[in-house]
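The values are calculated or read from the model by the stated rules, or taken from the named source; none is laboratory data. Note that this is a predicted model, so its numbers are computed, not measured. Neighbour counts run over all protein chains shown; Cβ positions are idealised from the backbone, glycine included.
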Amino acid sequence: MFPHVESHISGDLTSRFSHRRRPDLLCQRGGCRLGSSTAGANSVRKQLMAHDLTSDAEYESSGRPTSVRYVVIFVTFLTSIVLYADRFCLVYVQQFVREDLGLSKQQFGWCLSAFFLSYSLGQVPSGWLSDRYGPRLMLALYVAIWSGFTAMLGLAGGFVMLFVARFAMGLGQAGAYPTAASVVARWMPLQRRGFASGLIALGGRIGGATVPMIAAALVLFFVGNEATVTLEQRDLLDARFLADQLQLAESADMNSLEMTDDARARLTVARNVHDVVAAADASLLAPLADDYRAALDRLSAAEEDSESGGRETVPPDRDFGEDRAEVQYTDPTIAAEQAETLVGALNQVVNGPPLAEPEQLKLLPLDRSAQDMADQVQLNSRSQALLNRLVIEAVFPDAIRKVYGGGWRPAMFVFGAAGLLVAAMYFVCVRDRPSDHPLSNPAEARLIAGPGQTVHSTATQPPVGAVPLLAIVKSPSLWLLSISQFGTNIGWVFLVSWLPAYLWEVHRLPFVERNMMASIPLYVGWAGMFLGGWVTDALATRLGVRWGRALPLSATRFIAMAAFILVLFDPSPWMATALFALVAFGTDLGSPATWAFNQDVGGRYIASVLGWGNMWGNLGATVSPILLVTIVDDYYGGDWNAAFITCAIAFMISGFCSMLVDATKPIDVVPESGSVETPPAT
């Protein structure tokens, strides 16, 4: 049954909630220095001010409130952008990193997992530190820590240093969103929490969606036109595998009806390379290819012995274009004469004519600069050589070192430096409470605190005690929300992990179109994140806090569930993309309600409470990629419908749990005296 909602009376900003609001549900406070604002800051501030204009007008009688709170929210929004940009920047240069440091896929995967593990486990402790020492100091420190270790990625000399840096990044980022939630609660009135939370969460989505383009632009910028086009012997990552692929290309059936256009384009390039290498030394490829196949047979035999108990099995047929297996050679080096001959032949290819027609080149997984060169009618000799080198890299990605690989290290330095700049900006702009800030007047502090509430300064607030772990684990609503966040991330992470693979394996989309479609849901999610704040604020006004939080949380999860169910009916590529965009929109539409719920029930421990839920959500994100690919490949023979059913079930569980959360029941913190601590109103 929906709670009764009282009407607006005598300019009382919060009378609509007065029958069930408690002092511990009110906003706390912080501060900000306005300084010089950018055009972007002004734009966001205008939207915030328009959203809050009625509230300000009600306080005209006591003086016009200053607008410091809008700039505080905007600076926190910037930290959210940097958060996601630094989190994912390494993912989009991973091939360069692996080649440079000599890492296997498993080693690089461990480095990625190191981040999510420390990020999950650090949520509650870092949230408590923010509750204890204030968001100004701690969030600036968190941004500085993760940004410093982001820059250190560029100094990594091997697996251990990369692993440690990623683990430290996770610890630094763990406190970001819990602390940001505390900032919102201290700086925004109850009725505006959802909007501000949605704006900050939107920053993360913007950072995540734009980092691929930024990372690519930085790598290209730092390598530039000075890149060495010709190959050296160190650029042969696996000469034996290259020889094997060239021989398979020579024997492949170009006219096969089952061959796709992009596979035929790759085969055309491979055959042209084969012809040049064979002309240089007809006996070069066979012994190298035999070495790779012998190593592959040893690997297959070992796997068959472990899986079939030593029974003999028939090795599968192999085709051109297969990925390189993680084989081990008896002697990892090849003869110097073989290497010199092979590199010389490849450089003839690089400095020779185009390797394929422009229409075929567009089907290859080339970066934007190569696509632009392929569109040009006439190229100078160096540009043609660079294009040929990039084409060879695209066709043999596991065998040839990337010409742009040297740009990943300075790119990490730039990402880290940007974060350090934002950390300094945050420390300058923010205070823990409006009454602590020299540019925030008393009217703004009263507006944020709410009518009839006492305005405190930092000096008047007693220190926060230990992490209220007992109160957290005794809260049914927090457990329900934790399960909801765990299930939500199992479904949502599909969009940022396996969606490109689905579009390739099921719909056989070319590289450029495939990546474009995979990015669309993330951009659509921006709209959901931005609108979600208004939705939860409006529902809380009309239906009360209980359903104002629970209804958008649960309904949006059921929307995502329905979208995954509809994907089971074999949609076209564009229809599938639209359904995945609906998943992203629904997920992000409910995110601000999650933030607002934690602010409602957390009292003086908002960061700790939000950190608890975030921990479970990110454990779900850690599990999702492994769970989904295991279900699809190991149990259902590559049937993607198994993944969609799993995601739909996860969202269904999330929706039912979200429906039962109650934002009117704050956590009960028991101090040493034994009485229940009610967090003071601010």
Can you report the number of residues in region 113-140 which are out of contact with any Ser or Thr (no Cβ under 8 Å at 6 or more places or on another chain) and either closer than 15 Å to Gly617 by Cα or surrounded by 20 or more Cβ atoms within 10 Å (Cβ to Cβ) (or both)?
9
Go over the candidates Val223, Val183 one by one and state the one that is closer than 20 Å to Met138 by Cα, in a helix (DSSP H, G or I), more than 17 Å from the chain's Cα centre (by Cα) and hydrophobic (A, V, I, L, M, F, W, C).
Val183
Cβ pairs under 7 Å, 6+ apart or interchain, first in region 51-76 and at pLDDT below 50, second surrounded by 24 or more Cβ atoms within 10 Å (Cβ to Cβ) and of a type in the set (A, V, I, L, M), ordered by first then second residue, are Ser55/Leu447; Asp56/Leu447; Tyr59/Leu447
By residue number, the members of region 326-349 that are under 19 Å from Arg298 (Cα atoms), touching a residue at least 12 places away in the same chain (Cβ under 8 Å) and of a type in the set (D, E, K, R) are Glu326
Pairs under 7 Å by beta carbon, first residue under 21 Å from Thr330 (Cβ atoms) in region 277-296, partner part of a helix (DSSP H, G or I) and charged (D, E, K, R), six or more apart or different chains?
Leu288/Arg240; Ala289/Arg240; Ala289/Asp244; Asp291/Arg240; Tyr292/Arg240; Tyr292/Asp244; Arg293/Asp244
Would you call Leu364 closer than 29 Å to Pro212 by Cα, touching a helix residue (DSSP H, G or I) at 6+ places or on another chain (Cβ under 9 Å) and in contact (Cβ under 8 Å) with a residue 12 or more places away in the chain?
yes
Please go through (1) under 27 Å from the mean Cα position of the chain (by Cα); (2) acidic (Asp, Glu); (3) at pLDDT below 85 for Glu677 and return the number of the only condition it doesn't satisfy.
(1)
Quick one: in region 615-639, which of the residues that are over 16 Å from the mean Cα position of the chain (by Cα) and buried (at least 20 other Cβ atoms within 10 Å of the Cβ) is modelled with the highest pLDDT?
Trp616
So Leu420 fits all but one of (1) within 25 Å of the chain's Cα centre (by Cα); (2) modelled with pLDDT under 80; what number is the exception?
(2)
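Return a yes/no flag: does region 568-576 have any residue that is closer than 19 Å to Ala196 by Cα and in contact (Cβ under 8 Å) with a residue 12 or more places away in the chain.
Initially, region 568-576 is screened for residues closer than 19 Å to Ala196 by Cα, giving none.
There is no residue in region 568-576 that is closer than 19 Å to Ala196 by Cα and in contact (Cβ under 8 Å) with a residue 12 or more places away in the chain.
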Here is a list: Leu117, Leu112, Leu139. Which entry is under 21 Å from the mean Cα position of the chain (by Cα), in a helix (DSSP H, G or I) and closer than 25 Å to Leu237 by Cβ?
Leu112
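Being surrounded by fewer than 21 Cβ atoms within 10 Å (Cβ to Cβ), touching a helix residue (DSSP H, G or I) at 6+ places or on another chain (Cβ under 7 Å) and not β-branched (Val, Ile, Thr): is that true of Ala168 here? Give the derivation first.
Details: surrounded by fewer than 21 Cβ atoms within 10 Å (Cβ to Cβ): yes; touching a helix residue (DSSP H, G or I) at 6+ places or on another chain (Cβ under 7 Å): yes; not β-branched (Val, Ile, Thr): yes.
Answer is yes for this residue.
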Output the residue which, of all residues in region 330-373 that are over 16 Å from Thr230 (Cα atoms) and among the acidic types (Asp, Glu), is nearest to the chain's Cα centre (by Cα).
Asp367
Does region 236-286 hold any residues that are among the aliphatic types (A, V, I, L, M) and not in a helix (DSSP H, G or I), and which are they?
Leu236, Leu237, Ala252, Met254, Leu257, Met259, Ala282, Leu284
Tell me, yes or no, whether region 527-541 has at least one residue that is crowded, with 24+ Cβ neighbours inside 10 Å, among the β-branched types (Val, Ile, Thr) and part of a helix (DSSP H, G or I).
yes
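Can you tell me how many residues in region 366-388 are among the aliphatic types (A, V, I, L, M) and exposed (fewer than 12 other Cβ atoms within 10 Å of the Cβ)?
If we filter region 366-388 for residues that are among the aliphatic types (A, V, I, L, M), which is where we start, we get 366, 370, 373-374, 377, 379, 385-387.
Add one more test, that the residue is exposed (fewer than 12 other Cβ atoms within 10 Å of the Cβ), and what stays is 377.
Qualifying residue count for the region: 1.
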In region 324-367, how many are in a loop (DSSP other than H, G, I, E, B) and hydrophobic (A, V, I, L, M, F, W, C)?
9
Check region 116-123 and report whether any residue there is closer than 30 Å to Asp436 by Cα and touching a helix residue (DSSP H, G or I) at 6+ places or on another chain (Cβ under 9 Å).
yes
Matching entry among Phe569, Phe580 (being among the aromatic types (Phe, Trp, Tyr) and either crowded, with 22+ Cβ neighbours inside 10 Å or in a helix (DSSP H, G or I) (or both))
Phe580
